[in-house]
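The values are calculated or read from the model by the stated rules, or taken from the named source; none is laboratory data. Just so you know, these numbers come straight off a predicted model, no measurement behind them. Neighbour counts run over all protein chains shown; Cβ positions are idealised from the backbone, glycine included. Surface accessibility is based on the protein's heavy atoms, side chains included, excluding ligands, DNA and RNA. Shrake-Rupley method; radii C 1.70, N 1.55, O 1.52, S 1.80 Å.
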Amino acid sequence: MKRLITLTVALLLIFILIGCNNTPKPVKTVEGNINTYHKMSDGTWQYDGHTYQYRLELSGRMPNADKDTVYVILSNSDDITFEEAIMASGFGSHTDSYFEVEDAVFVEIN
């Protein structure tokens, strides 16, 4: 009888642990014109194994441009400016201004 109770408790714990697996799952895949990325079930965004809290759409006009440019960036910071995006996209002369993939990544430029 003691074995049956121990087995029942063990199985119950296993089922609880399996049920507590809150790993986010992709709910939407977006084919960006630079990178493909995923919206996850917990509201985060994922690209190439990196998870980001925010999807930013930054629009503005580059110097001497005829129309606005829109950058779509996945980021863990919500305060990236359009000017920072310009520099990080390769228009800046310093590679120091480029984003580290852990911090932010470009997924679309329109």
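Annotation: of all residues in the range 63-110 being among the polar types (S, T, N, Q) and open to solvent by less than 90 Å² (accessible area, probe 1.4 Å), the one that is farthest from GLN53 (Cα to Cα) is THR69.
Annotation: of all residues in the range 27-61 being aliphatic (A, V, I, L, M) and closer than 17 Å to PHE106 by Cα, the one that is surrounded by the fewest Cβ atoms within 10 Å (Cβ to Cβ) is ILE34.
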